[in-house]
1. So, with +1 on the Cβ of K and R and -1 on the Cβ of D and E, and no other charges, what is the size of the charge dipole of the range 74-129 about its Cα centre, to the nearest 20 debye?
2. Please report, to one decimal in angstroms, the Kirkwood hydrodynamic radius of the chain built from all distinct Cα-Cα pairs.
3. Could you tally the net charge around Thr17, taking each other residue with its Cβ under 9 Å from the Cβ of Thr17, Lys/Arg +1 and Asp/Glu -1?
4. Report the net charge of residues surrounding His78, where surrounding means a beta-carbon distance below 11 angstrom and charges are Lys +1, Arg +1, Asp -1, Glu -1.
5. Among Ile70, Leu36, Leu148, whose Cα sits farthest toward the positive end of the charge dipole of the chain (+1 at Cβ of Lys/Arg, -1 at Cβ of Asp/Glu, about the Cα centre)?
6. How much length, in nm to one decimal, is gained on full extension between Glu86 and Gln132, taken as 0.36 nm per residue of separation minus their Cα-Cα distance?
7. Helix 161-181 against the longest principal axis of the chain: what's the angle in degrees, Cα atoms only, rounded to the nearest 10?
8. Once the Cα atoms of helix 25-44 and of the chain are each reduced to a long axis, what angle between those two axes, in degrees from 0 to 90 to the nearest 10, is obtained?
Amino acid sequence: MRDHLHGIQHPHPDVWTGRATNRFQWLLALAGAAFLALGIQLAVDSAWTSGVAPLVMSVVGCIAAGLLVIFGTLAFVHVDLKLDKECVEVRCGHIGVPRRRIPLTHVAGAEFEPHVTPRHWGGWGYRWRPHQGTAVVVRRGEGVVLRLWDGHTFTITVDDAEAAVGAIRACLRSGATGTAAH
């Protein structure tokens, strides 16, 4: 943590929140809106003479592609990370789906990863790769890697990931001392 470099330690808040945003996703959402508009335009003002089936397939294809691109990109415009004394919660996009809630009792440790890239995970979004674990990647940059007790890892891109790792470690230490006292 940056505070350790100066020899100063500040207590961690009861709830730590962080976020990562990818503004490029808005351009992809605009492309989806263009597909949707094309589908609507074809449905309303079509001069196709080759039959109804090709027209219906074109309209349905454009509308379906547009909706998939719009909802797929808007779901990963940003990711929110919330840490409290009980769990780490990750929510994506404006409606908070997909969402993952990991109890701190399932977390063995947390590490700072300075270079998380979509290329290493196969793109943006909620990702799973064999031998690598699961990740929520919305942009390249720093992230948090949670090591879970079952041997899996969960990576989240988030701004100020070092502070998140420090807060998670502090919660894990206080949880360990709290359970040892009981």
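The values are calculated or read from the model by the stated rules, or taken from the named source; none is laboratory data. Because the structure is predicted, anything quoted here is derived from the model rather than measured. In this analysis, Cβ positions are derived from the backbone assuming ideal geometry, glycine residues included, and neighbour counts consider all displayed protein chains. Ligands, DNA and RNA are excluded from the accessible area calculation, which covers all protein heavy atoms including side chains. Shrake-Rupley method; radii C 1.70, N 1.55, O 1.52, S 1.80 Å.
1. Computed charge dipole of the range 74-129: roughly 240 debye.
2. Across the chain, the inverse of the average 1/r is 18.6 Å.
3. +1
4. So the surrounding residues net to +2.
5. Highest projection toward the positive end goes to Leu148.
6. Between Glu86 and Gln132, full extension yields an extra 14.0 nm.
7. 50
8. 20
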